[in-house]
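Everything on this sheet refers to the single structure shown next.
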Amino acid sequence: MFNFVIFMVNKNVNSWQILIHSYFSDNFLSSKALIHNYVCDPSIGLTPEQKEIQQVAKEFARNELYPKMAEFDEKEKMPKEALKLAGEIGFGAIYCNEKYGGTNLSRFDAALIFEQLAAGDTSTAAYISIHNMVAWMIDTYGSEELREKYIPQMAAFECLGSYCLTEPDSGSDAAALKTKAKRDGDHFIVNGSKAFISGSGDSGIYAVMLRHEGKPGPKGIFCLLVEDGTEGFHLGKKEKKLGWNSHPARIITFEDCKVPVSNMIGGETEGFNIAMNGINGGRLNIASCSLGAAQQSLDLAIEHLKVRKQFGKHLSEFQWNQFKLAEMATQLVTSRLIVREAARHLTDNSEHKASMCAMAKLYATDTCFDIVNQALQMFGGYGILKDYPLQQYLRDCRVHQIIEGTNEIMRMLIARDVLTNVNTITG
């Protein structure tokens, strides 16, 4: 049974060494194959340390998420006990500084973690990724006081975080946001509303993108941390959603909401850049969640085809199903390759990180949804029953093609990049 895992950083070597002490069970890490043992094995190409990180996430997903994912979905409540256990492992502030209680892993490591968590429960893994994005924003752009106040609580999931960019009238056109703030001495007075805010109602802190009153365009945007319970902060009704049911979403409204100026993160004109930098990681994380759902769906389909018989033979013996499995496996591996390539660019802060994260998000979320959909088809009528997990993976994955910038916007970003190309032969 799960007890705890401690991550420690050994600074006496050139690269970060993650020393993992685990008490999941007596046979933890003792299996012959840590993850899988076939061509879709997600541990292929990883270092020993990365495999250990991946395995910790897998064991947590196997023990604490997968057995309860249907329950989380049906009850439509934040699984706070599971989140607290995740916090004990170090999944609450994965790529935040250890000085404030963060785990101090890389964005590549985080992608490995989110993939495994999503195999256990895609919806909960997606929320954990959003929570981590908020923690990262505070850790990267916040004052020492804000980091000391919030990161330790967020690392332990004692304080949950929500990210507030989208508005009822501005989704893809994020720079058109209208929620405004007016300076009044040592406070900002905030008015407006945000939409589709994951975790709203359970979160203790909200990273809100706002516009300085009377300042249009991206340079007029800044970021303010608003605590739950602040006067003038109002929660709308909990939305009824197709998927992502383990965490709530609401419209939130600000009516003369008074927030200290000291709660601002970043500079007074840096909000849009903070939002875009956060979204690069968000796109990578959501793509990783799609990978986990697709991997588990493929594995379930393989097991089903080997057992289910029609016309006197197993479904796995039909060439059509074999060809489809081959296509799904190829789609899964190529999706993982582009996600990990984007993770390397983000980890290295390369000039191509935005375009690579857009590519990963576009390709992996579209392709992995197709894998899940085909796996459901292989289950036939059983696939749509809520007694079987395929329909839940399908519902939870669908929003990945919309969230963190629609896949149509991803195409625009990628096209803008490639149209700057200089011919490699003629220069």
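What number of residues within region 53-77 are surrounded by fewer than 20 Cβ atoms within 10 Å (Cβ to Cβ) and either part of a helix (DSSP H, G or I) or not acidic (Asp, Glu) (or both)?
10
Pairs, please: C-beta under 8 Å, at least 6 apart or cross-chain, first residue under 16 Å from Gly292 (Cα atoms) and in region 332-356, second aromatic (Phe, Trp, Tyr) and open to solvent by less than 20 Å² (accessible area, probe 1.4 Å)?
Arg340/Phe108; Ala343/Phe108
Test each condition in (1) modelled with pLDDT of 95 or more; (2) open to solvent by 30 Å² or more (accessible area, probe 1.4 Å); (3) touching a strand residue (DSSP E or B) at 6+ places or on another chain (Cβ under 6 Å); (4) among the charged types (D, E, K, R) for Lys240 and report the one that comes out false.
Here Lys240 meets the rest and fails (3).
Pull up region 364-414, narrow it to residues that are acidic (Asp, Glu) and within 18 Å of Ser123 (Cα to Cα), then point me to the one that is farthest from the chain's Cα centre (by Cα).
Asp387
Determine which single condition Thr269 fails, assuming it passes every other condition in (1) touching a His at 6+ places or on another chain (Cβ under 9 Å); (2) open to solvent by less than 60 Å² (accessible area, probe 1.4 Å); (3) among the β-branched types (Val, Ile, Thr); (4) more than 30 Å from Arg62 (Cβ to Cβ).
With respect to (1) touching a His at 6+ places or on another chain (Cβ under 9 Å); (2) open to solvent by less than 60 Å² (accessible area, probe 1.4 Å); (3) among the β-branched types (Val, Ile, Thr); (4) more than 30 Å from Arg62 (Cβ to Cβ), Thr269 is out only on (2).
Could you grab me the full set of residues in region 321-380 that are under 22 Å from Gly405 (Cα atoms) and of a type in the set (Lys, Arg)?
Listed by number, the residues that qualify are Arg336, Arg340, Arg344, Lys353, Lys361.
Just to confirm my filter: which strands (runs of 3 or more DSSP E) fall fully inside region 99-212 and include at least 2 residues that are open to solvent by 10 Å² or more (accessible area, probe 1.4 Å) and not basic (Lys, Arg)? Don't jump to the end; show me each part of the working.
Details: elements: 161-164, 180-184, 187-198, 205-212.
The qualifying strands (runs of 3 or more DSSP E) are 187-198.
Could you grab the pairs with beta carbons closer than 7 Å, sequence gap of 6+ or different chains, first residue in region 284-305 and open to solvent by 20 Å² or more (accessible area, probe 1.4 Å), second one part of a helix (DSSP H, G or I)?
Close Cβ pairs satisfying both conditions: Gln296/Ala119; Gln296/Tyr393; Leu300/Ala375; Leu300/Leu390; Ile302/Leu325; His304/Met378.
Just one of the numbered conditions (1) of a type in the set (Phe, Trp, Tyr); (2) buried (at least 18 other Cβ atoms within 10 Å of the Cβ); (3) free of Cβ contacts under 8 Å to residues at least 12 places away in the same chain is not true of Trp320; which one?
It fails just one condition, (2).
The values are calculated or read from the model by the stated rules, or taken from the named source; none is laboratory data. Since the structure is predicted, the reported quantities are computational estimates derived from the model, not experimental observations. Cβ atoms come from the backbone with ideal geometry, glycine included; neighbour counts cover every protein chain shown. Accessible surface areas use protein heavy atoms only, side chains included; no ligands, DNA or RNA. Shrake-Rupley method; radii C 1.70, N 1.55, O 1.52, S 1.80 Å.
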